[in-house]
Amino acid sequence: VEQVGAIKAGKISASELLDHYLERIDRLNPDLNAIVAMDIEGAKQRAGEADEALARKEDWGPLHGLPITIKDTLEVAGLPCTAGAPPLKDHVPKNHAAAVQALCDAGAIVLGKTNVPLYAGDFQSFNDIYGQSNNPWDTTKTPGGSSGGAAAALAAGLCGMELSSDLGGSIRMPANFCGIYGHKPSYGI
């Protein structure tokens, strides 16, 4: 909320906020391996468009210009969607998942995808495609799973928000391990 408010108030541009995150990713992600696929050029283009829209007094919505990441179990057009499974390593969807599209329609900028265990089915975040994600507070520890890459990215300040999924603790457990807030809404809300 604060970051989008700063963008809308002209205190920082969407492009400047994106550059801030890209610098942190360059510096911190090699030790964390939280973000495993990125669309830097696409994110830069969309951030520029967000800034141009605000200059025209156009508001894209509550996430206008906010760089976000998406768990690698949800489809993002043009980025791999592997669920950590080698048979899916070459799967690159042409369209966004409905939840991803809703965030984009609200003004978000998809920066990249975050790591998961094989088929998002474990309490850690290692797979044979991308390797192991590490906890930003202690890289000898796990960030949890299955949204471990997501929690590590948020806790390390690599993105402004993350879209994940949770059936048996996949958001709640990594949030706890990494000291951040994770929310699994009730079905139907």
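If amide H atoms are built 1.01 Å from N in the plane of the peptide, which residues on other chains or at least 5 residues away come under 5 Å of the amide H of SER125?
For SER125, whose amide H was placed from the backbone, the distant partners under 5 Å are SER133, GLY144.
List the GluC sites (Glu not before Pro) within the stretch 1-74 that fall in a DSSP loop (any state other than H, G, I, E or B) and whose Cβ has at most 13 other Cβ atoms within 10 Å.
When the GluC sites (Glu not before Pro) of the stretch 1-74 are filtered for loop state and at most 13 Cβ neighbours within 10 Å, GLU58 remain.
With a bin width of 10 angstrom, please list the P(r) values of the stretch 79-165 as percents of all Cα-Cα pairs, from the 0 bin to the one holding the largest distance.
18, 46, 31, 4
For the chain, what does the helix formula give at 222 nm: sum of -39500 (n - 2.57) over DSSP H segments with n ≥ 4, over the residue count, nearest 500 deg cm²/dmol?
Numbers: 6 runs with 65 residues, N = 189.
Estimated from H runs of four or more residues: -10500 deg cm²/dmol.
Is there a quick way to get the dipole size of the chain? I mean about its Cα centre, with the Cβ of Lys and Arg at +1 and of Asp and Glu at -1; what is the value in debye to the nearest 20? Present the calculation step by step, with values, prior to reporting the outcome.
On the way: 15 positive and 22 negative charges, 61 e Å.
Here the size comes out at about 300 debye.
Among SER125, SER147, SER15, which one shows the biggest mean-square fluctuation in a GNM of the chain, springs joining Cα atoms closer than 10 Å?
SER15
Taking all protein chains together and a probe of 1.4 Å, list ASP72, ASP105 from the most accessible to the least accessible.
ASP105, ASP72
Which of LEU111, LEU17, LEU66 moves the most in a Gaussian network model of the chain with Cα springs under 10 Å?
Fluctuation is largest for LEU17.
Please tell me which of these pairs span more than 23 angstrom C-alpha to C-alpha: LYS8/LYS94; LYS89/LYS113; LYS11/LYS113; LYS8/LYS184? Numbers along the way, then the final one.
Working: LYS8/LYS94 31 Å; LYS89/LYS113 13 Å; LYS11/LYS113 28 Å; LYS8/LYS184 28 Å.
As for pairs spanning more than 23 Å Cα to Cα, those are LYS8/LYS94; LYS11/LYS113; LYS8/LYS184.
Which chymotrypsin sites (Phe, Trp or Tyr not before Pro) from the stretch 80-189 combine a DSSP loop assignment with at most 13 other Cβ atoms within 10 Å?
The qualifying sites are TRP137, TYR181, TYR187.
Report the Stokes-Einstein translational diffusion coefficient (µm² s⁻¹, integer) for the chain, Rh taken as the Kirkwood radius over Cα pairs, at 25 °C with viscosity 0.890 mPa s. Can you show the working numbers first?
Numbers: Rh = 16.3 Å.
D = 150 µm²/s.
When the Cα centres of the stretch 17-62 and the stretch 132-181 are compared, how far apart do they sit, in Å?
Cα centres, the stretch 17-62 to the stretch 132-181: 20 Å.
Under a 10 Å cutoff between Cα atoms, tell me which one of VAL92, VAL76, VAL116 has the largest fluctuation in the Gaussian network model of the chain.
VAL92
Exactly which trypsin sites (Lys or Arg not before Pro) in the stretch 6-44 are in a DSSP loop and have at most 15 other Cβ atoms within 10 Å? Working shown, then result.
On the way: sites: LYS8, LYS11, ARG24, ARG27, LYS44; in loops: LYS11.
When the trypsin sites (Lys or Arg not before Pro) of the stretch 6-44 are filtered for loop state and at most 15 Cβ neighbours within 10 Å, LYS11 remain.
Among residues other than ARG46 whose Cβ falls under 11 Å from its Cβ, what is the net charge (Lys/Arg +1, Asp/Glu -1)?
Result for the neighbourhood of ARG46: -4.
Relative contact order for the chain: what is it in percent, counting Cα pairs under 8 Å that are at least 6 residues apart?
Details: 412 pairs, mean separation 42.0, N = 189.
About 22 percent, as a whole number.
Count charges around ALA37 for me, please; just the other residues with Cβ under 9 Å from its Cβ, Lys/Arg as +1, Asp/Glu as -1.
Local net charge: -1.
For the chain, report the accessible area per residue in Å² (1.4 Å probe, heavy atoms, rounded to an integer). If you can, show how the numbers build up before the last one.
On the way: 9210 Å² over 189 residues.
That works out to 49 Å² for each residue.
Considering only protein heavy atoms, with the full assembly of protein chains and a 1.4 angstrom probe, order LEU22, LEU28 by accessible area, largest first. Write out the running numbers ahead of the final one.
Details: LEU22 20, LEU28 50 Å².
Sorted by accessible area, descending: LEU28, LEU22.
Around LYS141, which amide H atoms from residues at least 5 apart in sequence, or from another chain, sit under 5 Å from its own amide H, with H modelled in the peptide plane?
ASN135
If you line up the long axis of helix 14-32 against the longest principal axis of the chain, both from Cα atoms, how many degrees apart are they, to the nearest 10?
Helix 14-32 sits at roughly 20 degrees to that axis.
Which percent of the accessible heavy-atom area of the chain goes to carbon and sulfur, probe 1.4 angstrom?
Of the solvent-accessible surface of the chain, carbon and sulfur hold 55 percent.
Net charge near ALA14: determine it from the other residues with C-beta under 13 Å of the C-beta of ALA14, scoring Lys and Arg +1 and Asp and Glu -1. Don't jump to the answer; show the numbers that get you there.
Working: positive: LYS8, LYS11, LYS44, ARG46; negative: GLU16, ASP19, GLU49, ASP51, GLU52, GLU58, ASP59.
Its environment carries a net charge of -3.
Using r as the Cβ-Cβ distance of HIS20 and ASP128, and R0 as 25 Å, what FRET efficiency do you calculate, to the nearest 0.05? Each step should come with its number before you reach the end.
Numbers: r = 32 Å, r/R0 = 1.30.
E(calc), rounded to 0.05, equals 0.15.
The values are calculated or read from the model by the stated rules, or taken from the named source; none is laboratory data. Remember, it's a predicted structure, so these values are computed and weren't measured experimentally. Note that we place each Cβ from the backbone using ideal geometry, even for glycine, and neighbour counts take in every protein chain shown. Just the protein is used for accessible areas: all its heavy atoms, side chains included, with ligands, DNA and RNA removed. Shrake-Rupley method; radii C 1.70, N 1.55, O 1.52, S 1.80 Å.
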